[in-house]
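The values are calculated or read from the model by the stated rules, or taken from the named source; none is laboratory data. Predicted, not measured: the structure shown is a model, and the values here were computed from it. Neighbour counts are summed over all protein chains in view; Cβ atoms, including those assigned to glycine, are modelled from backbone coordinates with ideal geometry. SASA here: full protein model, heavy atoms, side chains in, ligands and nucleic acids out. Shrake-Rupley method; radii C 1.70, N 1.55, O 1.52, S 1.80 Å.
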Amino acid sequence: MMQVAIRGLWGRKLRTVLTALSIVLGTAMITGTFILRDQINNAFSDIFHESNKGIDVVLSKKTAFTSDNGTTAGPLPEAVIATAKSADGVDKVEGQIQATGSIVIDGKYVTGSGGAPNLVFSYVTEPFSNSQFISGGPPTDNTVAINQKLANDEHLQTGDRVKLATDTGVVPVTISGVFKLAGVSSIGGATLVVPTFHNAQQWYDRVGKTSVVYLSAQQGVSPAELKQNVEAVVSNDVKVQTGLENADQQTNDVEGATSFLTYILLAFAGAAVFVGLFIIFNTYSITVAQRMREFAMLRTLGASRRQVMRSVLLEAALMGLVASLIGIGFGILLAIGLNALFKAVGVDLPTAALTIPIVWSVLLPLGVGLGAALVASVAPAVKATRVPPIAALREGFTLPRGVLAPYIPYIGIAGAVLGVGVIAFAIRAGGGGSRVLLTMAAGAIIAFLGMSMLSQLLIVPIAGALGAVLEVVLRVSRFLGLIRDRIPVLGPLVRRVAYGLTLGYVWVGIITALVLLSILRGGLSTGSVIGAAVVLAIGGILFSVLWRRRLREWPWDASSPTAGVLARENTSRNPNRTAVTSAALMIGVALIVFVAVFVNGFKESFLGAIDRSITSDMIIQGQSFQTIPAPVVNAAAKVPGVATASGIQFADAKIGNGGIDTVNGVDPTTFSNVYRFDWLKGGSDELLRNLTPDEALIEEQFAKSHDLSPGETFNVTSIDGNKLHLTVHGEYKDPSLMTGFIIPSSTLNTFSPGSKDPQIVLVSFDQGPAGAQAERSIRQALNSFPAAKVQTNAEYKKDAENFVNGLLQFLYVLLAMCLIISLIGIVNTLALSVFERTREIGMLRAVGMTRRQLRRVIRYESTITAIIGGILGIAVGLVFGWIVAQGLSDQGLVFVVPYSQLVGFLIVATLFGILAAILPARRAAKLNVLEALQYE
Amino acid sequence: MNATATAVVSARDVTRRYGEGDAAVDALRGVTLDIVPGQFAAVMGPSGSGKSTLMHILAGLDKPTTGVVEIAGTDITNLSDSRLTLLRRHQVGFIFQFFNLLPMLTAEENILLPLRLAGETVDRTWANEIIDQVGLSDRRKHRPSELSGGQQQRVAIARALASRPAVLFADEPTGNLDSTTSGEILNLLRTMVTTHGQTMVMVTHDANAAAMADRVLFLADGEIVRDQGRSEASEVLAAMAEVSAL
């Protein structure tokens, strides 16, 4: 049976390759993701362990909880350095200031590459230093050392005079030297500026403070012993770690950040494999139907049912195995390529040797690939066992329908409803986290499977409707063709241009590219439609001039509506097959539509909230999502023409005994001048102006989840471990911008000193002429704080929109893989159908169907299938999006239908259908009429 | 050469060789033949005699290795595929042994398929007339799977006639039918020739079928070995025996 299986695969090479491709892509992505994850994590681990090498013990502020939003504890008092020095076994002690800031060149703040942070770490001497100077040396007063990549990118050399953005304004500094850090020019693209400890204290508002303290042990004292000794002398709000513990913690923090990306990539790999299941299932179903005679013959020769089944499963398993192995190979190449790409865009990681984690990047994808092939081929294999030996002898034997067959659409309806229910339930349960996401994914899988079963019922009506539209189009084009041929003067010219325009695939390709591009840029616009028309017109004329030779074939036979009828009937004659084929596309489109609905809804709710709530004229935010130096608020307020400048600080805090939420710190006296609250339960701006240090205003969701009403009290703990007992002063609704609760910023500054810098500063202008000048004045005034990005509300919104669009593009690109796999599925099914209908094609050609007409029929068939997939996908995606938007509506998510993008998706699906038909249509047209007629 | 001008189908010194070198097989070894308008010709011969090859070549489905074939006055030997297709569409009708109907179309849609492919406006009276004549008036909306073998072949006949072809080729039209149904189908074909003057070439094994024809050609080893006029079934059988013995 093994031999039969191998020969079977070999004999159907194209089909095997097309089927295997989906597994290859999915497994390649799994392998690549895990290798990349390991490579990044190992690289960071190497860096952190390398840079902690000379450090035996590290002191930092103890944290009460871990924050996912970057809330950090405040600095330690500088006195800790002296205290630590007094511990037994200490050799050297040194403090380090850690802050954010960067070099300013020509008034421009230099940002890190790829959104990496801009760090300022004060200099530490041996043995704590982890930098190797490649020119110059350590910083002295008013000089700074910079990392090699920053120097290279900005063409800076030792001795150059530059400016540094600090919390107190821009200060002139001289570059003392350029260094590598633990062997690399930059850590993941971050910039690093190194001033002296003293300078850093002054510049970054840390006078009398230190961020961390490093200690080395005397000879004969182990780091663990030193740790114990130090713990005995310092106060208990100081965290004491050995250098190794610190390195491990830093590594863990980074792994936490990269694991998010890993999960996203794996989710897409999973989606690709899931789409692949449909393709494998369809291919094997069709193949089994076509090979009935072969199975019957094997049965007459004495093969048992079990053997027949095994031969099919074995064939699938072999295919899955080989495909996963190839996929793993591609995955390794992918990881190498991506690493090179990271290097090219400046995200420099140390060249950690390529390690291939066997379990995750070899065994897992192998299991997934093999499993997918087997799972998808079980049903066809069972079907093969039902072929009786007599089928070998009878022409046109058809298998009786299975017992379950009539119920499949109803099972499908149940599945779709159940799946949607599971998603709704997961959303309702809420709380975020991986369990909710996994439940949602399970719901989506059930819903997709259900939809693919129930869509059998929808194929015939949708194909009928599409066929009717197609028929009208064909009739119109035939009518136009008749007119064209009747006008002698215009004839040749029009023909020529018409020919250029109908030069099929070239234009399909160009239009596809244009539509994809405009979707990536946020949707179809009138501009892109006009652009496409212009490109088509110019291209049409060009081609007609350049390719005159082909014109001799004119006039072509009229486009006959019959081609449309045949195509429609072909898609309807095997509804299951069409259903499964279009289901593959449906999944990809549904995921894309869902992402589009969700992300656009998020964007709309965010932008809407900005419009509703922010009444200021300008918005200031930090560079690279960093905070804004606190003095910016006062600097902005002093600008002539500015009425109010008021900042918002964010921090995470632990509520009561559990749960982490956001604390917003604002200036109660000024904030209501720049922000419009949606007050509940009798709240008012007056209430905010009267807010005292031990009072809080709470957001509706916060009130609900902690069951609080005005007048009641609650406890909060900051990341530094400080506690507050707050009385609820009022309630407001703002699920997008100011979730959690609001306290006066003065309270927040002592409660969570690491969050003393605002994230956003809102600025409103005076009425009258001074106000009109204010925009320019404020930009000028804040030149001394280049870390602050000054924008009008419109600019700020545009920024936010661009960020969201960037996110969408990233997701679209990943989802495109699902679409490509489903495209392969259409090609495969069409090719198999063509093969199955060989004799029919022979007859059609014999009774007068031209090759062009035949290609057209197949192209239309493919297009109808693709559009069905597109329509169903859009419907399912909208349903998913709607459910999620409903579930999250109290968190401000709105349901937005991105119409222009949906139209774009439908066009893409149509064009995919046309492209998928190229090969099968060519194959069908090439068939020799006579051989096709005699084909059995 | 005058005969050629009036013939619907004519072949001059047609040979057909399959394969090359030692494996080459000569299916036809120089066939010359004219089919005149209104003639019903039957082609007979033992298996491997080349009768199917001859029909395929006369119908423009296959190309001769040497020689010339004309259909309705057009030399088809050097036509491009699309011209040949158009010629088949307008001048040639086909009836196959296995009916070859499209399963998803109704009887009527199958019949009108060639006209629709040509993008022609369907002549309703003509269509109704042939559907009546083949006796399918009450079966128009049925799909092939709902029709008996004889009825399916009637659909095929109507389909072949719909475009009023210059010549109709039938390849073993009764090969897949029982004897009663065969008789009905043959009578129907005969009627088409008699009443409409339809030119017809039929390849068959069946002496009874050949007995319906105006002319019976016998092929053996790729050559026409006998060409006789209207014959009784017994005469055909005798001739076949003779030919096979050659």
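Listed cross-link partners A:Lys85/A:Lys180; A:Lys926/B:Lys51; A:Lys149/A:Lys603 are compared with a 32 Å cut-off, the Cα-Cα value being larger for A:Lys149/A:Lys603. Counting only Cα atoms, chain A measures 99, 73, 61 Å along its principal axes, largest extent leading. Direction-averaged projected area, Cα convex hull, region A:857-936: 7.0 nm², rounded to one decimal. Using Cβ point charges alone (K and R +1, D and E -1), the dipole size of region A:718-805 about the Cα centre works out to roughly 100 debye. Ignoring aspartates and glutamates fewer than eight residues from A:Lys92 along the same chain, the ones with Cα atoms less than 13 angstrom from its Cα are A:Asp56, A:Glu126. With the largest listed first and rounded to whole Å, the semi-axes of the equivalent ellipsoid of region B:21-150 from the Cα gyration tensor are 32, 18, 15. Residue by residue along B:59-65, Cβ atoms of other protein chains within 10 Å of the local Cβ number 3 on average. Taking every C-alpha pair closer than 8 Å and separated by at least 6 residues, the mean separation divided by the residue count of region A:54-255 gives a relative contact order of 36 percent. Could you list the residues of region A:130-156 with an amide nitrogen less than 18 Å from a label point located 7 Å from the Cα of A:Lys53 in the Cα-to-C-beta direction? In region A:130-156, the label zone of A:Lys53 (backbone N under 18 Å from the point 7 Å along Cα→Cβ) covers A:130-135, A:148. Each 10 Å bin from zero holds the following percent of Cα-Cα pairs in region A:54-255: 9, 34, 35, 19, 3, 0.
Rg and Dmax of region A:785-936, based on Cα coordinates, read 23.3, 83 Å.
Please give the length that would be gained between A:Phe65 and A:Ala465 if that part of the chain were fully extended, namely 0.36 nm times their separation in residues minus their C-alpha to C-alpha distance (nm, one decimal).
Length difference between fully extended and current span is 138.1 nm.
Can you say what percent of the DSSP beta bridges in chain B, counting only those with both residues inside, are antiparallel? Round to 5. Kindly include the intermediate steps, with their values, before the conclusion.
On the way: 21 of 38 bridges.
Given both bridge residues lie in chain B, the antiparallel proportion sits at roughly 55 percent.
Rounded to whole Å and sorted largest first, what semi-axes of the equivalent ellipsoid does the C-alpha gyration tensor of region A:798-845 yield via the square root of 5 times each eigenvalue?
Working: eigenvalues 382, 19, 3 Å².
Each semi-axis is √(5λ); the values are 44, 10, 4 Å.
The shape of region A:173-265 can be summarised by an equivalent ellipsoid whose semi-axes, obtained from the alpha carbon gyration tensor, come to 27, 24, 15 Å from longest to shortest.
Using alpha carbons only, how many degrees (0 to 90, rounded to 10) separate the axis of helix A:364-385 from the longest principal axis of chain A? Helix A:364-385 sits roughly 30 degrees off the main axis of chain A.
Tell me, what is the FRET efficiency for A:Val17 and A:Lys798 to the nearest 0.05, using R0 = 56 angstrom and their Cβ-Cβ distance as r? Could the numbers behind the result be given before it?
Numbers: r = 46 Å, r/R0 = 0.83.
So, using R0 = 56 Å, E works out to roughly 0.75.
Just how many % of Cα pairs in region A:254-392 lie over 27 Å apart, if you round to the nearest whole percent? List each step's numbers first, then the result.
Values: 3843 of 9591 pairs.
Cα-Cα pairs of region A:254-392 separated by over 27 Å account for 40 percent.
Counts of other chain beta carbons within 10 angstrom of each beta carbon in peptide B:110-117 average 5. Site pair A:Ile610 and A:Gln891 shows an inter-label distance of 2.1 nm when each label is modelled 7 Å from Cα along Cα→Cβ. Placing a pseudo-label 7 Å from each Cα along the Cα-to-Cβ vector at A:Ala379 and A:Ser135 gives an inter-label distance of 6.7 nm.
Return the value, in Å² to the nearest 100, of accessible area buried between chains B and A (probe 1.4 Å, both sides summed). Could the numbers behind the result be given before it?
Working: alone 11130 and 41700 Å², together 50490 Å².
The B and A chains share an interface burying roughly 2300 Å².
In terms of overall dimensions, the C-alpha atoms belonging to region A:82-123 reach 49, 21, 13 Å along their principal axes, ordered largest to smallest.
When the charge dipole of chain A is built from unit charges on Cβ atoms (+1 for Lys and Arg, -1 for Asp and Glu) and taken about the Cα centre, the candidate among A:Thr662, A:Ile619, A:Leu516 whose Cα reaches farthest toward its positive end is A:Leu516. Computed from label points 7 Å out along Cα-Cβ, the spacing between A:Ile390 and B:Lys141 is 3.4 nm.
In the distance distribution for region A:627-786, Cα-Cα pairs more than 19 Å apart total 54 percent. Annotation: lysines with alpha-carbon distance below 24 angstrom to A:Lys383 (same-chain offsets under eight excluded): A:Lys13.
Farthest toward the positive end of the dipole of region A:54-255, out of A:Gly183, A:Pro127, A:Ala99, is the Cα of A:Ala99, where the dipole comes from beta carbon charges about the Cα centre. About its Cα centre, the dipole of chain A is roughly 6340 debye, where the only charges are +1 on Lys and Arg Cβ and -1 on Asp and Glu Cβ. Restricted to Cα atoms, region B:57-131 shows a radius of gyration and a Dmax of 14.6, 43 angstrom. With a Förster radius of 56 Å applied to the C-beta separation of A:Thr750 and A:Leu333, the computed FRET efficiency comes to 0.55. Under Stokes-Einstein, with the Kirkwood radius over Cα pairs as Rh, the value for chain B at 25 °C and 0.890 mPa s is 133 µm²/s. Extension gain for A:Asn142-A:Tyr263 works out to 39.1 nm (0.36 nm per residue, less the C-alpha to C-alpha distance). In percent, rounded to a whole number, the relative contact order of chain A is 16, using alpha-carbon pairs under 8 Å and six or more apart.
What's the magnitude of the charge dipole for region B:31-99 around its Cα centre, counting Lys and Arg as +1 and Asp and Glu as -1 at the beta-carbon? Answer in Debye, nearest 20. List each step's numbers first, then the result.
On the way: 5 positive and 5 negative charges, 34 e Å.
The dipole magnitude comes to about 160 debye.
Of the options A:Phe594, A:Ile23, A:Ser51, report the single residue whose Cα projects farthest towards the positive end of the charge dipole of chain A (beta-carbon charges: Lys, Arg +1; Asp, Glu -1). Result: A:Ile23.
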